[in-house]
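Written below as structure tokens is the structure these notes are about.
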Amino acid sequence: MISKDLTKINILFLSAEAHPFIKVGGLGDYAGSLPQAIKSQGDEFPFDIDLRVILPYHNDIHFPNKDIQKVCDISVPKKKGYAKGSIYELFHANIHYYFVKRKGNASGYQTVYNYSSLDDARKYIFFSLASIHFLKEIGWQPHIIHANDWHTATAVKILVSLRETDDFYRQMKSILVIHNLPYLGEGSQPILDNFSVQNSTLQTLPDWARSLPLPIGLDAADKIVAVSPTYAKELHLEEFGDGLAPFFIANQKKITGILNGIDTESWDPAVDNGISNNFSVENIGARRSNKDQVLSQLGFQHADDQPLLILISRLTYQKGIDLLLSGLPGLINRGWFAVILGKGQLEYERGFTVLEQEFPERIKYYSEYNERLARQLYAAGDILLMPSLYEPCGLSQMIAMRYGCVPLARSVGGLKDSINSDDNQMKDGYLFSNADVLSFTSCLNQVLDDFEDKKKWVAIQSRGMRKDFSWQSSAGKYINLYLGLINPNSEK
Ligand code: ADP
């Protein structure tokens, strides 16, 4: 039985990716930094926190040290027979990390996310179920299962079934965090069926959603977290709810919005050894040589101080790339440079290739994932473009602000919660409301005008650099959420 005296709380944290092992987008940042923050924030609470992280053992995972060891084999029951695999463990930065590998030549492990939804389903449904079954193998009882997105949502569902039949699981509680709602786990039905995972029967979920991993998990979870307060509210709206708005409205009480933080030690321009010239808010002037270097390397003529626009993003519909491709050419005469770093949907990659060919003296497109280059661009860019159609939280804008690169973003989700665009207040960035080209270009025109007013610009930059994007306050909110589930009367 789980002890109720709370000298220690145990948490199992499931994720598809986590820095420094493997990272594709913001989820990798989140799962890399929040566990550490929760552990250190735990010092403020009168109990120990044993938080362990579990990930799929993707083929291109990178291990910071070589001490990885096999913990056990695992057999996950299927309709017929068992799916077998093994669990490995690495102790890193004071945290136990586990890695789940399916036996044999299992498909889906070549990349974190696959083009084939069936390959993804095979990997992630097995991963989710194995993560819960493995707890009994090692005899470790978490108080909380902290799952993230559809990839791990089936863990939450299976927990509900096991709680009913097995004392070992009886008191475990779950939270499911929504980082990107539209990804519900489509195409997983045959695999869920193979593992006898029951559909949801909840009336507030539409029929088509009841057999998909994320909605099944949302129904089963004890608490749901949206990664920003604004996104938690947006989920109630047709525009953002992806057909699940009635469910979110009916389940308001179990949903909380907690803004993500970033790892402010890793993302610190004063000590970042990935950038050419370190700087801080106290010597913003030193920042300039980073920009000069990037522009010179690209062979861009930059005698005057013309702004450098940057985009560092997955190139998907979500990110509002259409607005950029349609809006940027019309403003080319305003004399800016742009460096685009990102991979994704082919039509967007082609769009930026064409733009680069059209304006080779002004626009450079890198079709790659490159963390070092990303760091140099955050340090060199004047303006980060982030016109997302929806953005549950978004981390690029926080990183950019910390590096003195002012964000121009759409007023949605976590962008709205992290950027202050009010001219009369402590403005630290720019937000536009409507997802149309005119709104985007008028906002960019305004930013370009302000860029010419150096005093105003440095004030905006400095406010962004001073803003606290650390996990400190949000990590405490997660701990309180855990406590509320463990002892319903204890929530502060
Ligand atoms: P999302 O999670 O939707 O991809 P976020 O803004 O939350 O968006 O997080 C994106 C993270 O991925 C940031 O750390 C950003 O710097 C990084 N990133 C995105 N694209 C690239 C790229 N092409 N090269 C390097 N880093 C990238």
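The values are calculated or read from the model by the stated rules, or taken from the named source; none is laboratory data. These numbers were taken from a predicted model, which means no experiment stands behind them. So basically every Cβ, Gly included, is an ideal-geometry build from the backbone, and we count neighbours across all protein chains shown. Note: areas computed on protein heavy atoms with side chains; ligands, DNA, RNA excluded. Shrake-Rupley method; radii C 1.70, N 1.55, O 1.52, S 1.80 Å.
The figures follow:
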item: Test: residue 362 is within 15 Å of the ligand (Cβ to nearest atom), basic (Lys, Arg) and open to solvent by 10 Å² or more (accessible area, probe 1.4 Å); result: no
item: Pairs, first charged (D, E, K, R) and modelled with pLDDT of 95 or more in the stretch 231-257, second in a helix (DSSP H, G or I) and open to solvent by less than 70 Å² (accessible area, probe 1.4 Å), C-beta under 7 Å, six or more apart; result: 234/240; 234/413
item: Qualifying residue in the stretch 120-139 (condition: touching a Lys or Arg at 6+ places or on another chain (Cβ under 6 Å) and open to solvent by 30 Å² or more (accessible area, probe 1.4 Å)); result: no
item: Subset of the stretch 32-57 that is among the hydrophobic types (A, V, I, L, M, F, W, C) and not in a helix (DSSP H, G or I) - its residue that is farthest from the ligand (Cβ to nearest atom); result: 47
item: Residue check for residue 45: crowded, with 24+ Cβ neighbours inside 10 Å and at negative phi; result: no
item: Residues satisfying the stated conditions in the stretch 243-271, i.e. over 17 Å from the mean Cα position of the chain (by Cα) and either buried (at least 17 other Cβ atoms within 10 Å of the Cβ) or closer than 30 Å to residue 93 by Cα (or both); result: 244, 245, 247, 248, 251, 255, 265, 268, 269, 270, 271
item: Which listed residue, of 29, 67, 60, is more than 16 Å from the ligand (Cβ to nearest atom), open to solvent by 20 Å² or more (accessible area, probe 1.4 Å) and in contact (Cβ under 8 Å) with a residue 12 or more places away in the chain; result: 67
item: Residue ranges of helices (runs of 4 or more DSSP H) in the stretch 335-402 with at least 1 members closer than 16 Å to residue 319 by Cα; result: 346-358, 396-402
item: Helices (runs of 4 or more DSSP H) contained in the stretch 232-307 and holding at least 2 residues over 30 Å from residue 476 (Cα atoms); result: 238-241, 288-297
item: Extreme residue, farthest from residue 399 (Cα to Cα), among residues of the stretch 335-352 that are within 16 Å of the ligand (Cβ to nearest atom) and open to solvent by 50 Å² or more (accessible area, probe 1.4 Å); result: 346
item: Selection within the stretch 385-404 - within 11 Å of the ligand (Cβ to nearest atom), farther than 12 Å from residue 261 by Cα and under 18 Å from the mean Cα position of the chain (by Cα); result: 386, 388, 390, 391, 392, 400
item: Cβ-Cβ under 6 Å pairs, at least 6 apart or on other chains, the stretch 365-378 side within 18 Å of residue 295 (Cβ to Cβ), far side at pLDDT below 95 and near the ligand (Cβ under 8 Å from one of its atoms); result: none
item: Extreme residue, surrounded by the most Cβ atoms within 10 Å (Cβ to Cβ), among residues of the stretch 201-225 that are over 18 Å from residue 253 (Cβ atoms) and polar (S, T, N, Q); result: 211
item: Residue in the stretch 233-250 that is touching a Phe, Trp or Tyr at 6+ places or on another chain (Cβ under 6 Å), among the aromatic types (Phe, Trp, Tyr) and within 16 Å of the ligand (Cβ to nearest atom) present; result: yes
item: Index of the failed condition, residue 420 passing every other in (1) at pLDDT below 95; (2) open to solvent by 20 Å² or more (accessible area, probe 1.4 Å); result: (1)
item: Wholly enclosed helices (runs of 4 or more DSSP H) of the stretch 116-212 bearing at least 1 residues at pLDDT below 95; result: 117-138
item: Number of positions in the stretch 84-98 that are of a type in the set (Gly, Ala, Ser) and open to solvent by 50 Å² or more (accessible area, probe 1.4 Å); result: 1
item: Condition broken by residue 308, with the remaining ones in (1) out of contact with any Cys (no Cβ under 9 Å at 6 or more places or on another chain); (2) buried (at least 20 other Cβ atoms within 10 Å of the Cβ); (3) hydrophobic (A, V, I, L, M, F, W, C) satisfied; result: (1)
item: Matching residues in the stretch 78-101 - criterion: being in a loop (DSSP other than H, G, I, E, B) and among the basic types (Lys, Arg); result: 78, 79, 80
